[in-house]
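One structure is given below, encoded as structure tokens.
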Amino acid sequence: MKNELLSRMDSPAVLKNLTDAQLVQLAAEIRETLCNVVSNRTAHFASNLGVVELAIALHQVFDFSKDRLIWDTGHQIYPHKLLTGRYAEFMTMRQKGGLMGYPNPVESEYDLFMTGHAGSSVSTVLGLKAGDDLLKEKRRSVAVIGDGALPSGIVFEAFNNAVGLEKDLLVILNDNKMGICPRVGGVARYLDRARTAPFYSELKRDVSWLLNKVPIVGDAVEKVLYQTKEMVKASLHGGVLFEELGFKYIGPIDGHDLASLREYLTMVRDLKGPVLLHVFTEKGHGFKPACEDPVLFHAPPPFERRDEEIVAVKKSSSRAYTDAVSDAIYEAMEVNPRVTVMTAAMCEGNKLQKIRSVFPERFFDTGICESHAVAFAGGMAKAGLRPIVDIYSTFLQRSFDQIFQEVALQNLPVTFCLDRSGVVGSDGPTHHGAYDIPYMRVFPNMVVMAPGDEQDVPGMLNFALEYEGPVSIRYPKANVESIARSVEPVRLGQAEVIEWGRDGILIAFGTLLGNCVKAAERLKAEGLDVGIINARFCKPLDRETILRAVAEAGFVVTVEEGTLLGGFGSAVLEAANSAGLRTDHIRRMGLPDTYVEHADRSEQIRELGLDVEGIVRTVLAAADRGSLVVDEV
């Protein structure tokens with residue numbers, strides 16, 4: 001396929017002149033392009049295959065050069081990007097300097113927000129609509145939200161506000177029975193029931209007209225007729241929840257029928273008040289392997305297409321820190337029946353499938369509801385259990401208040417396993433786990449840890465499950481590494497001295513310890529004797545060990561894969577200041593006060609100067625100067 005139509009898509013205006021047959025061809029060209037881009041890199045796939053027709057229909061019916069469109073979460077943005085003039089750059093997707101795998105206003109006027117977390121689309125598009133109305137701008141506003149994101153609390157807050165403001169707003173519910181994993185919970189069951197009545201959309205206007213024409217005779221008759229009317233409505237569709245909230249409900253309709261989509265989008269385009277259009281799509285539509293296993297093909301590793309039936313997936317055999325933590329959790333659950341684990345719709349990402357299978361009664365998937373997950377864990381801990389909250393660092397931010405109120409303030413023994421801490425590669429700024437050190441260490445009672453290598457993981461988790469208070473353990477999206485040494489037991493607030501140095505000290509908080517060890521070996525060739533400390537704890541800090549380093553060493557370099565503002569290096573500076581020690585010979589290495597762009601993780605580590613060569617350069621500069629001014633961040 002030569003992509004003759006797609007290559008002409010310099011703007012969505014081109015769609016106005018295409019025939020129905022050409023639109024079908026365009027959809028096929030988009031799917032072929034998606035298959036090509038995913039064949040040589042990890043990228044979001046099944047979700048994008050599922051919204052091809054929806055994206056085409058939206059850009060046919062609306063003019064988003066002036067109207068407003070927000071794609072919730074944003075990982076299903078690829079067809080939208082192809083339709084808005086980015087075909088020539090598409091093969092750069094998720095590569096350094098190329099297109100971002102999420103909406104990006106820098107790339108196009110058609111991307112209004114850089115989104116990456118679920119649930120906020122209705123709120124932001126409502127804000128856009130309210131602002132446009134105040135400025136007398138005549139623009140239509142559309143949010144596309146998936147059924148996996150729908151249970152998020154902020155969605156219902158936005159629904160409530162939209163009805164109260166009586167704003168003209170279109171919310172498209174893209175219902176494919178999936179989040180990243182199969183959806184769970186009461187809302188999921190409610191949407192499943194909607195699938196049993198797909199005829200409601202075609203009968204709705206006629207039935208409403210008939211019921212509204214029934215004469216009212218007396219209070220008793222009125223009551224009976226009202227109840228009959230409500231029962232008929234309830235029996236005909238699954239949209240009662242949304243209508244009771246105050247939305248006009250239309251649907252469900254087939255999300256892969258372009259003609260039908262156009263018809264309904266045209267019908268609802270100018271309706272007054274908030275409207276919810278319920279669209280059924282199939283995750284992975286048009287590519288059989290993705291339809292059969294939408295979980296694997298949500299964001300698959302690179303694969304080889306031999307034909308339409310067979311896919312050779314190039315899986316990595318490397319062991320990651322996620323595997324190490326999952327194994328440690330499993331072992332803890334085997335020996336301690338009070339240990340439970342919960343995740344927020346990320347069972348696959350956190351590699352908890354075996355735990356879900358073996359310990360189903362102690363495994364809890366809360367859906368994309370991180371705030372609830374943390375408060376739920378607080379209640380579980382209060383009941384006497386030992387809950388583990390296993391969530392990506394960037395998503396745990398959404399539960400900041402519950403970490404404070406329901407866990408830390410109560411001093412409850414909840415263990416937080418913060419996956420994907422640090423830089424995460426091609427997912428980019430929305431997904432980097434850059435901020436968990438500052439947002440965890442501010443809370444009284446909270447213990448903040450990071451393993452230096454794989455050998456630290458079991459000991460840290462076991463410590464956390466025995467500790468009578470909340471504990472945070474952070475680890476990166478990286479392959480495991482083991483430093484050759486006699487591993488010391490994990491004790492509260494105690495660092496591990498790998499080697500004491502005559503000239504200076506490298507203090508690593510987290511898995512960049514391996515880079516520090518390699519850097520120290522290289523520095524020996526420069527005649528420098530540089531020691532290494534595996535900090536293990538950011539809070540409580542091992543003041544005895546670290547302050548000794550600050551007092552005795554010619555220079556101290558702290559190394560962390562987190563933001564310098566409020567991070568581990570800041571904790572070292574604070575401790576030194578409190579002890580009355582000089583700090584002008586301390587250098588901090590970490591993430592600067594800027595958002596790190598998407599690229600390969602190794603490229604990001606190198607550009608941040610956190611690779612072996614970068615650490616060597618920093619130490620040589622520190623040794624040459626003798627004293628250094630604290631970094632400007």
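Values computed for the structure shown
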quantity: Candidates Leu15, Leu99, Leu26 - the one that is in contact (Cβ under 8 Å) with a residue 40 or more places away in the chain and not β-branched (Val, Ile, Thr); calculated: Leu15
quantity: Only listed residue being in a helix (DSSP H, G or I) and at pLDDT 95 or above, chosen from Leu265, Leu241, Leu225; calculated: Leu265
quantity: Tally of residues being among the small types (Gly, Ala, Ser), farther than 26 Å from Gln410 by Cβ and at pLDDT below 95 across segment 341-364; calculated: 1
quantity: Some residue of segment 67-90 being assigned by TED's automatic domain parsing to the domain that holds Asp168, closer than 26 Å to Pro274 by Cα, touching a Gly at 6+ places or on another chain (Cβ under 9 Å) and of a type in the set (Ser, Thr, Tyr); calculated: yes
quantity: Residue count, segment 91-102 (criterion: in contact with a Gly (Cβ under 8 Å, 6 or more places away or on another chain) and either in a loop (DSSP other than H, G, I, E, B) or surrounded by 24 or more Cβ atoms within 10 Å (Cβ to Cβ) (or both)); calculated: 5
quantity: Residue identified as touching a strand residue (DSSP E or B) at 6+ places or on another chain (Cβ under 9 Å), closer than 28 Å to Glu468 by Cα and touching a residue at least 40 places away in the same chain (Cβ under 8 Å) among Ile355, Ile391; calculated: Ile391
quantity: Test: residue in segment 397-409 that is among the polar types (S, T, N, Q), assigned by TED's automatic domain parsing to the domain that holds Asn445 and in contact with a Pro (Cβ under 9 Å, 6 or more places away or on another chain); calculated: no
quantity: Members of segment 326-385 found to be acidic (Asp, Glu) and either more than 22 Å from the chain's Cα centre (by Cα) or buried (at least 19 other Cβ atoms within 10 Å of the Cβ) (or both), listed by number; calculated: Asp327, Glu331, Glu334, Glu361, Asp365, Glu370
quantity: Output for segment 16-69, where each listed residue is under 30 Å from Leu271 (Cβ atoms), in a helix (DSSP H, G or I) and polar (S, T, N, Q); calculated: Asn17, Gln22, Ser47, Asn48, Gln60
quantity: Scan of segment 505-531 for residues that are at positive phi and crowded, with 22+ Cβ neighbours inside 10 Å, ordered by number; calculated: Gly510
quantity: Subset of segment 470-482 (residues that are in a loop (DSSP other than H, G, I, E, B) and either charged (D, E, K, R) or under 15 Å from Ala508 (Cβ atoms) (or both)); calculated: Tyr475, Pro476, Lys477, Ala478, Glu481, Ser482
quantity: Only listed residue being within 20 Å of Leu591 (Cα to Cα) and not in a loop (DSSP other than H, G, I, E, B), chosen from Leu565, Leu573, Leu547; calculated: Leu573
quantity: Selected residue (only one of Gly384, Gly367, Gly378 is farther than 17 Å from Met440 by Cβ and at pLDDT 95 or above); calculated: Gly384
quantity: Out of Phe463, Phe509, sole residue that is outside the structural domain of Pro337 (by TED's automatic domain parsing) and of a type outside the set (Lys, Arg); calculated: Phe509
quantity: Residue list for segment 398-432, filter: under 27 Å from Leu608 (Cβ atoms) and part of a strand (DSSP E or B); calculated: Phe416, Cys417, Leu418, Asp419, Ser421, Gly422
quantity: Residue check for Ile391: β-branched (Val, Ile, Thr), in a strand (DSSP E or B) and either modelled with pLDDT of 95 or more or outside the structural domain of Cys35 (by TED's automatic domain parsing) (or both); calculated: yes
quantity: When residues of segment 1-15 are limited to those that are part of a loop (DSSP other than H, G, I, E, B) and not acidic (Asp, Glu), the one surrounded by the most Cβ atoms within 10 Å (Cβ to Cβ); calculated: Met9
quantity: Candidates Phe62, Phe45 - the one that is more than 20 Å from Ala259 (Cβ to Cβ), aromatic (Phe, Trp, Tyr), touching a residue at least 60 places away in the same chain (Cβ under 8 Å) and buried (at least 19 other Cβ atoms within 10 Å of the Cβ); calculated: Phe45
quantity: Lys129 being among the charged types (D, E, K, R) and in a loop (DSSP other than H, G, I, E, B); calculated: no
quantity: Ser570 vs. criteria outside the structural domain of Gly101 (by TED's automatic domain parsing), of a type in the set (Ser, Thr, Tyr) and within 17 Å of Met440 (Cβ to Cβ); calculated: yes
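Yes or no, residue by residue, for (1) assigned to a strand (DSSP E or B); (2) touching a residue at least 12 places away in the same chain (Cβ under 8 Å); (3) over 19 Å from Arg588 (Cα atoms); (4) not assigned by TED's automatic domain parsing to the domain that holds Val339:
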site: Glu468; (1), (2), (3), (4): no, yes, yes, no
site: Ala484; (1), (2), (3), (4): no, no, yes, yes
site: Glu488; (1), (2), (3), (4): no, no, yes, yes
site: Lys518; (1), (2), (3), (4): no, yes, no, yes
site: Cys538; (1), (2), (3), (4): yes, yes, no, yes
site: Leu541; (1), (2), (3), (4): no, yes, no, yes
site: Val557; (1), (2), (3), (4): yes, yes, no, yes
site: Glu561; (1), (2), (3), (4): yes, yes, no, yes
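The values are calculated or read from the model by the stated rules, or taken from the named source; none is laboratory data. These numbers were taken from a predicted model, which means no experiment stands behind them. All Cβ positions, even for glycine, are placed from backbone atoms using ideal geometry, and neighbour counts span all protein chains on display.
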